[in-house]
Amino acid sequence: MPDHSLNQEAKEPVRFNQHSDAATLVIDYYGYVDVSTATRPTAKLSSNVTKAPLPRIVSLFSGAGGLDLGFQQNDFEIVYAVDKDRWAVETHRKAFPETHCDQFDLTKIPLEELLNTIGRQLHPGERIGVIGGPPCQGFSRSNAQSKANDPRNRLPLLYLKIVQALKRSYSVEFIVFENVLGIQDKKHHRTFEGILHALQALGLHETVNDYDAYDFGVPQHRHRIIIAAFRSSKALKAFAPRLEVSACKTVREAISDLPDPTFCSRGKHILNSFHPNHWTMRPLSARFGDPQNFTNSGRSFRILEWDKPSPTVAYGHREIHVHPNGKRRLSIYEAMLLQGFPKNFRLFGPFSAQVEQVSNAVPPPLALSLAKAIERSLKESQRWTSK
Ligand SMILES: C[S@@+](CC[C@H](N)C(=O)[O-])C[C@H]1O[C@@H](n2cnc3c(N)ncnc32)[C@H](O)[C@@H]1O
């Protein structure tokens, strides 16, 4: 078992002498040039700054790529992605053919091997951003048994350990870390404080926010904790995500114009010709048929209301929300639209794998808002440091 403690020294590749003092450096294409070839920057606002290219992105725990998609939509290049799930990786590879996506269990792969693989996609000293949402089941409030010592709760620190190792070879301009609200609960206090301390130890300036995807254009209430942390404190100050798409506010707006889905039972189904993800479980319970047989609370048989946003798309085993017509559960495709995925996005894998991917994803419109806010923040910090 590799040692994933944050104190472990990375052996390879260390190809760039990491500078941490922004005041002595100016930005070039991939990172920095030394102050000996540059004018010493001052903290004065400049209006004519040449546009630096956006940092390229390393995506950890990338899943189907909901978070990555928003960044890509804002012209960040997703240069590397990694997830342990075979089907999430399959989806990612199809959706992001330019990205090198590995199927690795990050708790098992030696850190040096991971760094070498990532290093093959990056230039020495390059400016990068690291994004990702380590699994959240260990912190989830819907998991009544969630415990402080759940082994999955160590994954956020593993994420930061990877950031620490990357920092030795690249200029990590920012990180985005997504998780459920439960990560801030009292029983996870030590883990959460540990994350904040680790970020500070890495020289990053962080902000922690609870965002509801609904406020970013998604027809769903989905609260998530987003930690954004920047190398530059100026960038942090400017960070203010806002709505960037025309908002879709209700279930009706998102899914009322779809044809009927295909049903599957025992994993078998006929591929839907409208969209391959427009399939759901054959409705076997006697309750199906009349919307009156369901309530809009509880977990197993929760029905959606046409003229409201959906409750959180996060389906446990056989808990997919019931379609507003009461005749069946939602299709995967309907869930994807409630998550704000584009109409042509496709998830791969068996039904249960698709349920997991759609439930896990960061809604792409929220991710886009984060990406745009980060771009504005980086520009703002560049305006301060370039003159
Ligand atoms: C919350 S999901 C990420 C969702 C993704 N950010 C998106 O927007 O689509 C967490 C992901 O972590 C992956 N994961 C869990 N444990 C892992 C491990 N040990 N190594 C690599 N990936 C892991 C899961 O397979 C899952 O896809």
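What list do you get for Val172, Val245 if you sort them by fewest beta carbons within 10 Å? Walk me through the numbers on the way to the answer.
On the way: Val172 24, Val245 16.
Listing Val172, Val245 from fewest to most nearby Cβ atoms yields Val245, Val172.
Considering only C-alpha atoms, what is the centroid distance from segment 241-283 to segment 63-77, in Å?
Distance between centres, Cα-based: 21 Å.
Take every Cα pair under 8 Å in segment 249-339 that's 6+ residues apart, average their separations, divide by the length, and report that relative contact order as a whole percent. Present the calculation step by step, with values, prior to reporting the outcome.
On the way: 143 pairs, mean separation 31.1, N = 91.
In percent, rounded to a whole number, it is 34.
For Asp75 and Glu305, what is the calculated FRET efficiency with R₀ set at 56 Å and r taken between the beta-carbons, to the nearest 0.05? Mind dumping the intermediate values first?
On the way: r = 37 Å, r/R0 = 0.65.
Between Asp75 and Glu305 the formula returns 0.95.
Let a ≥ b ≥ c be the square roots of the eigenvalues of the Cα gyration tensor of segment 249-339; is it rounded (a/c under 1.5), or, if not, prolate (a/b larger than b/c) or oblate?
Numbers: a/c = 1.57, a/b = 1.16, b/c = 1.36.
Oblate is the answer for segment 249-339, as a/c is 1.5 or above yet b/c matches or exceeds a/b.
For segment 173-272, run through the trypsin sites (Lys or Arg not before Pro) and keep only the ones in DSSP coil with at most 16 other Cβ atoms within 10 Å of their Cβ.
Details: sites: Lys186, Lys187, Arg190, Arg222, Arg224, Arg231, Lys234, Lys237, Arg242, Lys249, Arg252, Arg266, Lys268; in loops: Arg222, Arg231, Arg242, Lys249, Arg266.
Hits after loop and neighbour filter: Arg242, Lys249, Arg266.
Please rank Glu206, Glu77, Glu334, fewest neighbouring Cβ atoms within 10 Å first, as an exposure proxy. If you can, show how the numbers build up before the last one.
Numbers: Glu206 19, Glu77 16, Glu334 26.
Arranged by neighbour count, lowest to highest, Glu206, Glu77, Glu334 become Glu77, Glu206, Glu334.
Using the 10 angstrom Cβ neighbour count as an exposure proxy, how do His317, His197 rank, fewest first? Mind dumping the intermediate values first?
Values: His317 8, His197 12.
Lowest to highest Cβ neighbour count: His317, His197.
Rounded to the nearest 0.05, what FRET efficiency do Ser285 and Lys84 have when you use their Cβ-Cβ distance and R0 = 35 Å?
Working: r = 34 Å, r/R0 = 0.96.
That pair, Ser285 with Lys84, gives E of 0.55.
Each value in this text was obtained by applying a stated rule to the coordinates, not by laboratory testing. Here the structure is a predicted model, which is why all the values come from computation and not from measurement. Counting neighbours? That spans all protein chains shown, and the Cβs are built from the backbone with ideal geometry, glycine included.
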